[in-house]
Amino acid sequence: MAGNTDNIHGWNPLYRDRDPYPLPGNNFDSFLFNHGRPGNFNYRLVEGTNVLDHQGHIVPQNILNIVLDPLMIAMSEACNNVGDVVNFINNQIPPRPWLQQVLDYANALQANPVAAPEAAFFDWGTPVILNNAVNAEARVGGFFSIMTWNPVNICRAPVDAQRGNYPGNAVDVQVFNYLNAHNLADPACLVAIQNVINNPNNAAEIEAFLSACSATLAAQLIAGAGFYAFPWQMNPLAPGVLIPA
């Protein structure tokens, strides 16, 4: 599965936990940072409830992986250094300019004062095994985590078990509807999410969503975005089940 490293954005200081007791409503202190590297997700109470939040994908990984898994395997098999990655991106037919945006973000996180090691994104020491997603994950999975765990695709929400086992492996329409109604997310991302909702297995729509998310990365170096947090409440029609307030 592409991009299993869920703390990759902890390399960006805007998403690190700089306060052991962060204030309610601060969405962006999301990772502990110990011994010079990101740690676990910083759980907090979901507003309006007594349950802890988690990193809930809006468009889930199984949908993203329709595009990302084959691309990750192809990159791993074609690349043995960052120069190869640049060539891989430049040789995409049709072009995928959003991959360059991801690489630019990874490079920015390796510059002072952030200084994320290249090993956070690539492991060139692992030998290639052809057509093997687990092997590709080991070699280039950190790079793909920037896409899989892009904060604009993450909501700090109750776990599925607190929501009547919703959304499972489907797009989180409840969260999408809340963000859309309250203008809380990047407009281009919202349009792309709606198109994935309408065509959840369509590779072109998934790629358009990944492109919209990646377009936000440069701005995320300046100001945090995503990791949305908002109030939740009990569903009066389903006791014990939480819904957006």
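The values are calculated or read from the model by the stated rules, or taken from the named source; none is laboratory data. As the structure is a prediction and not an experimental result, all values here were calculated from the model. Every residue, glycine as well, gets a Cβ built from its backbone with ideal geometry; the counts of neighbours run over all protein chains shown. Accessible surface areas use protein heavy atoms only, side chains included; no ligands, DNA or RNA. Shrake-Rupley method; radii C 1.70, N 1.55, O 1.52, S 1.80 Å.
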Expressed in nanometres to one decimal, the distance between label points 7 Å along Cα→Cβ at ASN50 and ASN91 is 5.9 nm
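Rounded, prolate or oblate for the range 146-202? Axes are the square roots of the Cα gyration tensor eigenvalues, ordered a ≥ b ≥ c, and the cut-off for rounded is a/c under 1.5. Each step should come with its number before you reach the end.
On the way: a/c = 1.42, a/b = 1.27, b/c = 1.12.
Cα axes put the range 146-202 in the rounded bin.
Using a 1.4 Å probe on the protein heavy atoms, what percent of the accessible area of the chain belongs to carbon and sulfur?
Numbers: 6200 of 11190 Å².
Result for the chain: 55 percent of the exposed heavy-atom area is carbon or sulfur.
Just need the relative contact order of the range 120-193 here, percent rounded to a whole number, with Cα pairs under 8 Å and 6+ apart.
On the way: 37 pairs, mean separation 15.4, N = 74.
Here the relative contact order equals 21 percent.
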What the 5 Å binned alpha carbon P(r) of the range 32-81 shows, as percent of pairs per bin from 0, is 4, 15, 11, 12, 15, 19, 14, 5, 4, 1
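First obtain the Kirkwood hydrodynamic radius of the chain from its Cα pairs, then insert it into the Stokes-Einstein equation at 4 °C and 1.567 mPa s, and state the resulting D in µm² per second as a whole number.
Details: Rh = 18.5 Å.
Estimated via Stokes-Einstein, D reaches 70 µm²/s.
Rule-of-thumb check for the range 93-236: C-alpha Rg over 2.2 N^0.38 Å? Mind dumping the intermediate values first?
Values: Rg = 17.0 Å, N = 144, 2.2 N^0.38 = 14.5 Å.
So the range 93-236 has a normalised radius of gyration of 1.17.
Efficiency by 1/(1 + (r/R0)^6): what FRET value for ILE222 and ASN165, r their Cβ-Cβ distance, R0 = 45 Å, to the nearest 0.05? Please list the in-between numbers first.
Details: r = 38 Å, r/R0 = 0.84.
According to the calculation, E is roughly 0.75.
Rounded, prolate or oblate, given the Cα gyration tensor of the range 104-176, with a/c below 1.5 counting as rounded?
On the way: a/c = 3.35, a/b = 1.58, b/c = 2.11.
In terms of gyration-tensor shape, oblate.
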Relative contact order of the chain (C-alpha contacts under 8 Å, at least 6 apart) in percent is 29 percent
In deg cm²/dmol, rounded to the nearest 500, the helical mean residue ellipticity at 222 nm of the chain, built from -39500 (n - 2.57) for every DSSP H run of length 4 or more, is -11500 deg cm²/dmol
Classify the range 1-103 as rounded, prolate or oblate, taking a ≥ b ≥ c as the square roots of the eigenvalues of its Cα gyration tensor: rounded when a/c is under 1.5, otherwise prolate if a/b is larger than b/c and oblate if not. prolate
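Defining a contact as two alpha carbons under 8 Å apart and six or more residues distant in sequence, what relative contact order in percent does the range 1-136 show?
Working: 127 pairs, mean separation 30.1, N = 136.
With pairs under 8 Å counted, the relative contact order is 22 percent.
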So if each residue of separation counts as 0.36 nm, and I subtract the Cα-Cα distance between MET1 and LEU14, what length gain in nm does that give? 2.0 nm
